[in-house]
Structures are given as structure tokens and as C-alpha cells.
Amino acid sequence: MAEAEAVPHVEAGEVGSYRVRKARLGDVGEMCRIINHYAERQLMLPKTHLQIYENLRDYSVVTDEGPAGAVLACGALHIYWEDLAEVRAVAVDPALGGRGAGTALVEKLMREAREIGIGKAFVFTYVPDFFSRFGFVEVEHSAMPLKVYNECFHCPKFNKCDEIAMVVHL
């Protein structure tokens, strides 16, 4: 199992660190809680425990340094084919927004994408300013490959998507 990466952050004048690691089975409950907090507010799509279990290998989590390693944020890198992956379900515990956990997570997902040879990543989001910090640029939905729409077809927002499509070349 890969070791967790320590990631420095600044919080209320203190310097500490988060741990970023691949998600584990025991993390799923907290991941669902964090994701569905935003889904209830129509800020992202909801996820069931089953959906996360089925895709657990795609997910990474940010944890605190405490003995329990509480999950503070989660997100996934979902591979579509040899040169394309989606950054999805990026969510930070609402009590921790703006403290660097989301940044640490996306930076880890981007490193992972580069390490395995992904040439382009995309995201559908309501927070384009956050993702633009990592080099993502806005594109028309029609610019996305048709294979992407295979999953969109099952979305309750299909044909009325109000998320912003963004891509980054790695």
C-alpha cells in the first residue's frame, strides 16, 4: 500500500500538515457524508455508498494527523481511456473550506494523472475559479468526447447540465 503524503498547510497562523492517501473501505461513510452535504445544496451530484465502493480505487482522501486520521476531503481520478481522465467528486468537509485540503487533494490527483501517463483531465464543476488555479480552462460541453456522455446519460441533469466543463493538458 502506498504511503500517505504529508502536505503542509497554514491554518489560523499555524503550520501543520494533512495526509493525502488512497481511500480505504473504512473511509466510505465519511466520504458520502461530505459529498452529500454539497449534493443536498445542489452543488454536486449525490453519491451512494455503493457508487463509492464500486469506484473506491479512483478515490483519494485528505486526513488529519490525529490518531484516527479523520477524513477531511475526498476526490477521484476516473480514467476514461489511454489519454483522458476525469477529476470528480472533489469535496471538502464544510468546516474546513479555504484551509488547503482541497488544493492538496487536487494536486495529488494531478500528480497521479501525470505519473500514469494521462495527457488530459477534465472536470464538470460549479467552482471554476478553484480548478483554474491548477490550469483547467473552461470549454464548451460539446468539446468533450462523446465517451464522456455515456456517463452523463445516466445523470438527472442530462440535457440540462448547468455545470461548467473544464480541461487541463498535463
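The values are calculated or read from the model by the stated rules, or taken from the named source; none is laboratory data. It should be emphasised that the depicted structure is a prediction, and the values quoted were computed from it without experimental measurement. In this analysis, Cβ positions are derived from the backbone assuming ideal geometry, glycine residues included, and neighbour counts consider all displayed protein chains.
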Worksheet item: Residue check, C155 against (1) of a type in the set (A, V, I, L, M, F, W, C); (2) in a loop (DSSP other than H, G, I, E, B); (3) modelled with pLDDT of 85 or more, all met but one. Which one?
Response: (3)
Worksheet entry | Single residue of A68, A73, A121 found to be outside any helix (DSSP H, G or I) and loosely packed, with under 15 Cβ neighbours inside 10 Å | A68
Worksheet, complete the sentence: Contact list, first residue from segment 108-122 and in contact (Cβ under 8 Å) with a residue 60 or more places away in the chain, second anywhere and of a type in the set (S, T, N, Q) and crowded, with 20+ Cβ neighbours inside 10 Å, beta-carbon distance below 6 Å, six or more apart or interchain, is K108/S60
Fill in: Residue match in segment 132-142 (condition: within 26 Å of H37 (Cα to Cα), surrounded by 20 or more Cβ atoms within 10 Å (Cβ to Cβ) and out of contact with any His (no Cβ under 8 Å at 6 or more places or on another chain))
yes
Item to complete: Write out, first by first residue and then by second, each pair whose Cβ atoms fall under 6 Å of each other, whose residues are 6+ apart or on separate chains, and whose first residue, in segment 28-55, is under 13 Å from R88 (Cβ atoms) while the second is part of a loop (DSSP other than H, G, I, E, B) and basic (K, R).
Response: I35/K47
Practice prompt. Have a look at T63, T125 and point out the one that is under 20 Å from E40 (Cβ atoms), in contact with a Phe, Trp or Tyr (Cβ under 8 Å, 6 or more places away or on another chain) and at pLDDT 90 or above.
Written response: T125
Fill in: Test for A95: is it surrounded by 19 or more Cβ atoms within 10 Å (Cβ to Cβ) and either aliphatic (A, V, I, L, M) or assigned to a loop (DSSP other than H, G, I, E, B) (or both)
no
